[in-house]
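The values are calculated or read from the model by the stated rules, or taken from the named source; none is laboratory data. No experiment lies behind these values; they were computed from the predicted model shown. We place every Cβ from the backbone using ideal geometry, glycine too, and count neighbours over all the protein chains shown.
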Amino acid sequence: MADDLAMISNALDTFNLEATGVFDRRPLAVLVKDPQTGAVLGGLTGRTSLGLLFVDLFHLPAELRGRGIGSEVLRLAEEEGRRRGCRGAVLYTITFQAPEFYQRHGWEVFGEMPCDPPGASRVFMRKNLV
C-alpha cells in the first residue's frame, strides 16, 4: 500500500510542477521528546507547499497539556513555515479536539462540516503568516 500511496503522491507532484513550475513540497515535524530517553512523546506533523503550511496531525499526551508546550510546538511550526516562504497556514480539527486552542493563537474558522459522533463537526481553520 505504501508504494501505491507514493505513486499517487509522486504523480500529483509531477502534475503540480508542470502546472506551476514550482516544486517546493517539504514535510515538516516538530517533535516533543522525552529528555531522558529521546523517545517521541508527541508533536506536530505537516508539510509546506506552494506558499502554505499544512498542519496534518498534532497530539500531546494529557500530562503535557496546559504547560505551554503545545503553544511552543505550534509557534515553531508557524515559524518554520514563514522561513520556507509560506504566506498562510491551514488545518482541520474536530469540535471535541482543540479549535479553541488554535483560535487563541490567531487561527480563524473558515468552514465546518458535520461528522460523527452526532453533534460533532470538522472545523477548518486558517492563519495568515505574513
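Scan (1) within 21 Å of LEU129 (Cα to Cα); (2) exposed (fewer than 14 other Cβ atoms within 10 Å of the Cβ) for the single condition LEU91 breaks and write down its number.
(2)
Just name the residue that is nearest to HIS59 (Cα to Cα) out of those in segment 94-108 that are under 15 Å from the mean Cα position of the chain (by Cα) and of a type in the set (A, V, I, L, M, F, W, C).
Checking each candidate, the answer is ALA98.
Consider PHE58 carefully, then state whether it is surrounded by 13 or more Cβ atoms within 10 Å (Cβ to Cβ), free of Cβ contacts under 8 Å to residues at least 40 places away in the same chain and not in a loop (DSSP other than H, G, I, E, B).
Working: surrounded by 13 or more Cβ atoms within 10 Å (Cβ to Cβ): yes; free of Cβ contacts under 8 Å to residues at least 40 places away in the same chain: no; not in a loop (DSSP other than H, G, I, E, B): yes.
Judged against the criteria, PHE58 is not a match.
Can we say VAL73 is touching a Gly at 6+ places or on another chain (Cβ under 7 Å), at pLDDT 95 or above, surrounded by 15 or more Cβ atoms within 10 Å (Cβ to Cβ) and not in a strand (DSSP E or B)? Working first, answer last.
Values: touching a Gly at 6+ places or on another chain (Cβ under 7 Å): yes; at pLDDT 95 or above: yes; surrounded by 15 or more Cβ atoms within 10 Å (Cβ to Cβ): yes; not in a strand (DSSP E or B): yes.
Answer is yes for this residue.
Does LEU41 satisfy the condition of being farther than 22 Å from ALA89 by Cα, modelled with pLDDT of 95 or more and surrounded by 13 or more Cβ atoms within 10 Å (Cβ to Cβ)?
yes
For segment 14-26, how many residues meet the condition of being surrounded by 10 or more Cβ atoms within 10 Å (Cβ to Cβ) and either touching a residue at least 12 places away in the same chain (Cβ under 8 Å) or not in a helix (DSSP H, G or I) (or both)?
7
Please find, among GLU79, GLU63, the residue that is in a helix (DSSP H, G or I), closer than 27 Å to VAL130 by Cα and charged (D, E, K, R).
Matching residue, one of GLU79, GLU63: GLU79.
Can we say TYR102 is at pLDDT 95 or above, assigned to a helix (DSSP H, G or I) and in contact with a strand residue (DSSP E or B) (Cβ under 9 Å, 6 or more places away or on another chain)?
Against the criterion (at pLDDT 95 or above, assigned to a helix (DSSP H, G or I) and in contact with a strand residue (DSSP E or B) (Cβ under 9 Å, 6 or more places away or on another chain)), TYR102 qualifies.
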